[in-house]
Amino acid sequence: MQTNFSLAQLADPHVAESERILRKCVHCGFCTATCPTYVTLGNELDSPRGRIYLIKDMLENGRPADKEIVTHIDRCLSCLACMTTCPSGVNYMHLVDHARAHIQETYRRPLIDRLTRAMLAVVLPYPSRFRAALRLAGLGRPFVGLFEKLPALKPVAAMLKLAPASIPPASPMASPGTHAGQGAKRGRVAILTGCAQSVLDPAINETTISLLTRLGVEVVVPEGEGCCGALVHHMGREAAALASARQNVDAWIRAIDQGGLDAIIITASGCGTTIKDYGFMLRLDPAYAEKAARVSSLAKDITEYLAVLDLPEPVRKPGTIVAYHSACSMQHGQKITRQPKELLAKAGFVVREPREGHLCCGSAGTYNILQPEISAKLRDRKVKNIEATGAEIVATGNIGCITQIASAAKLPVVHTIKLLDWAYGGPKPEGVSDAKLVAAE
Ligand code: SF4
Ligand code: SF4
């Protein structure tokens, strides 16, 4: 694509990076067919190619964002299916991240939208605040029907519908410290405690630590870790996202200095995509660029790490039919497609893949709160495809997808690690049938 930026504009490294990305796009439109919002809404401006044109026009003319571009960029899930499809290697992720930051700087949203976004940004990344908010959600639940009738309050209704009826207690294993591996030491890793996942399902990291330590891996929960920054990053709040990234880089570099790390384990693929991008996000900060790149190179999804650990034979063979839902951040963001399925199959599960596996379930960070109607359409489409597999359970590697799919599916939805842990001797995950269970030889 031809671009017409001035030399003065290109002196801004963010603009220069976007210009490099724009020039790679050849307008072929292959990406439209796999874009969930284009498939759902049928509008070219809600396709990757349409959004790329809108972003180009805004940046090239140095214009503040307007209502039209905000509408179509807000509808983008950042699912990155377009990046998987694109034959020209267009880095849509970095382009849309830049557009979102530009929108945040130059566009004044309606009051209720500003308040909703500000509330999400100051609550979700902090486990104690998020836990308190979920407790309060019980008081608002009787008013969901009323909020749904008022367009401006639909995000509030969506939030209340997604809030679980009960919240598990905080996990002591999330506190800073070291969990020693059993037997011969096979490695030393840090684990991201995270934010929303540690409140909604602390058992995911507990299970991960339990399995890794049983396999001989020492697991460190470093002092000073926090939210990865993805939630605010996707809202265009760059300063907050970079502050989170720097805080985590500091925590992990300290852990490296105190005994080395083979990997930084992440159990939510949405966070993994962002942490693997820290090197890019902090490239312009001389004090952090190198450290951030080092952290990004160590970041591993738990399935990526287990896949190269040479696992023993499972202690039981569940035989359960599992529909594996690959989160967008897993398959498109991190290009991890084989490992979770292969690990499940090796552990004795029968793995089925739903049709249209490339399409997002509509969770996408805060998307299911901020765009509840499109999100619900995508969720229902996803659940229909999952249920058509005839599976007994759904496995996935991202807490956002777990919450989203479970809000409409009849079958249990669990994190992949819980099924693997069960096969390798851990407790049976809640809601899973053991009717086909056989002891391994
Ligand atoms: S990130 Fe997803 S929703 Fe956004 S343009 Fe690409 S395919 Fe479409
Ligand atoms: S597939 Fe790639 S090159 Fe083709 S229009 Fe989409 S972004 Fe541009």
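The values are calculated or read from the model by the stated rules, or taken from the named source; none is laboratory data. Note that the structure is a prediction, hence the values are computed from the model and not measured. Counting neighbours? That spans all protein chains shown, and the Cβs are built from the backbone with ideal geometry, glycine included. Remember, those area values only see protein heavy atoms, side chains included, never the ligands or the DNA or RNA. Shrake-Rupley method; radii C 1.70, N 1.55, O 1.52, S 1.80 Å.
Look through segment 75-90, keep the residues that are in contact with a His (Cβ under 7 Å, 6 or more places away or on another chain) and open to solvent by 40 Å² or more (accessible area, probe 1.4 Å), and return whichever of them is nearest to A16 (Cα to Cα). Taking the candidates together, the pick is M83. If I filter segment 295-320 down to residues being at pLDDT below 95 and either in a strand (DSSP E or B) or acidic (D, E) (or both), which single residue comes out as least open to solvent (accessible area, probe 1.4 Å)? Here the answer is R316.
Quick one: would you say I112 is surrounded by 22 or more Cβ atoms within 10 Å (Cβ to Cβ) and over 22 Å from the mean Cα position of the chain (by Cα)? No.
Scanning segment 133-169 for residues that are surrounded by 12 or more Cβ atoms within 10 Å (Cβ to Cβ), out of contact with any Leu (no Cβ under 6 Å at 6 or more places or on another chain) and of a type in the set (G, A, S) yields A133, G138, A152, A157, A158. One residue stands out among those in segment 18-36 that are charged (D, E, K, R) and within 13 Å of ligand 2 (Cβ to nearest atom): the one that is least open to solvent (accessible area, probe 1.4 Å), which is K24. Residue-level check: of (1) in contact (Cβ under 8 Å) with a residue 24 or more places away in the chain; (2) away from ligand 1 (no atom under 16 Å from the Cβ); (3) of a type outside the set (D, E, K, R); (4) loosely packed, with under 15 Cβ neighbours inside 10 Å, V15 misses just (4). Only helices (runs of 4 or more DSSP H) whose full extent lies in segment 56-141 are considered here, and the ones with at least 3 residues that are of a type in the set (A, V, I, L, M, F, W, C) and within 16 Å of ligand 2 (Cβ to nearest atom) are 81-85, 92-106.
When V350 is tested against (1) buried (at least 20 other Cβ atoms within 10 Å of the Cβ); (2) touching a strand residue (DSSP E or B) at 6+ places or on another chain (Cβ under 7 Å), exactly one condition is not met: (1). Screening the candidates M93, M119 for the property of being within 14 Å of ligand 1 (Cβ to nearest atom) and open to solvent by 30 Å² or more (accessible area, probe 1.4 Å) yields one hit, M93.
Can you name the residue in segment 37-54 that is of a type in the set (S, T, Y) and within 22 Å of the chain's Cα centre (by Cα) and is also nearest to ligand 2 (Cβ to nearest atom) among such residues?
Ranking the candidates gives S47 first.
In the set (1) of a type in the set (A, V, I, L, M); (2) within 16 Å of ligand 1 (Cβ to nearest atom); (3) open to solvent by 50 Å² or more (accessible area, probe 1.4 Å), A376 fails one condition alone, (3). Could you please let me know if L41 is within 11 Å of ligand 1 (Cβ to nearest atom), without any contact (Cβ under 8 Å) to a residue 60 or more places away in the chain and aliphatic (A, V, I, L, M)? No.
Looking at segment 242-265, is at least one residue over 24 Å from G177 (Cα atoms), surrounded by 20 or more Cβ atoms within 10 Å (Cβ to Cβ) and among the aliphatic types (A, V, I, L, M)?
Let us first name the residues in segment 242-265 that are over 24 Å from G177 (Cα atoms), namely 242.
Pick out the ones that are also surrounded by 20 or more Cβ atoms within 10 Å (Cβ to Cβ) and you get 242.
Those left that are additionally among the aliphatic types (A, V, I, L, M): 242.
Scanning segment 242-265 turns up at least one residue that is over 24 Å from G177 (Cα atoms), surrounded by 20 or more Cβ atoms within 10 Å (Cβ to Cβ) and among the aliphatic types (A, V, I, L, M).
Here A395, A376, A391, A323 are screened, and the one residue that is closer than 25 Å to L200 by Cα and part of a loop (DSSP other than H, G, I, E, B) is A391. When we screen V219, V249, V232 for residues that are within 30 Å of R283 (Cα to Cα) and outside any helix (DSSP H, G or I), the only hit is V219. Within segment 415-434, the set of residues being closer than 16 Å to S269 by Cβ and open to solvent by 10 Å² or more (accessible area, probe 1.4 Å) comprises just one member, K418. Examine segment 183-203 for a residue that is open to solvent by 70 Å² or more (accessible area, probe 1.4 Å), more than 23 Å from P429 (Cα to Cα) and among the aliphatic types (A, V, I, L, M), and state whether such a residue exists. Yes, there is a match, as at least one residue in segment 183-203 is open to solvent by 70 Å² or more (accessible area, probe 1.4 Å), more than 23 Å from P429 (Cα to Cα) and among the aliphatic types (A, V, I, L, M). Of all residues in segment 96-109, none satisfies the criterion of being surrounded by 18 or more Cβ atoms within 10 Å (Cβ to Cβ), over 17 Å from E19 (Cβ atoms) and either free of Cβ contacts under 8 Å to residues at least 12 places away in the same chain or among the small types (G, A, S) (or both).
Residue count for segment 55-90 under the criterion of being in contact (Cβ under 8 Å) with a residue 40 or more places away in the chain and within 11 Å of ligand 1 (Cβ to nearest atom): the result is 14. The single condition among (1) touching a Pro at 6+ places or on another chain (Cβ under 6 Å); (2) more than 14 Å from A292 (Cβ to Cβ) that A251 does not meet is (2).
Under the condition of being farther than 21 Å from Q258 by Cβ, assigned to a helix (DSSP H, G or I) and not aliphatic (A, V, I, L, M), the residues counted in segment 174-207 number 4.
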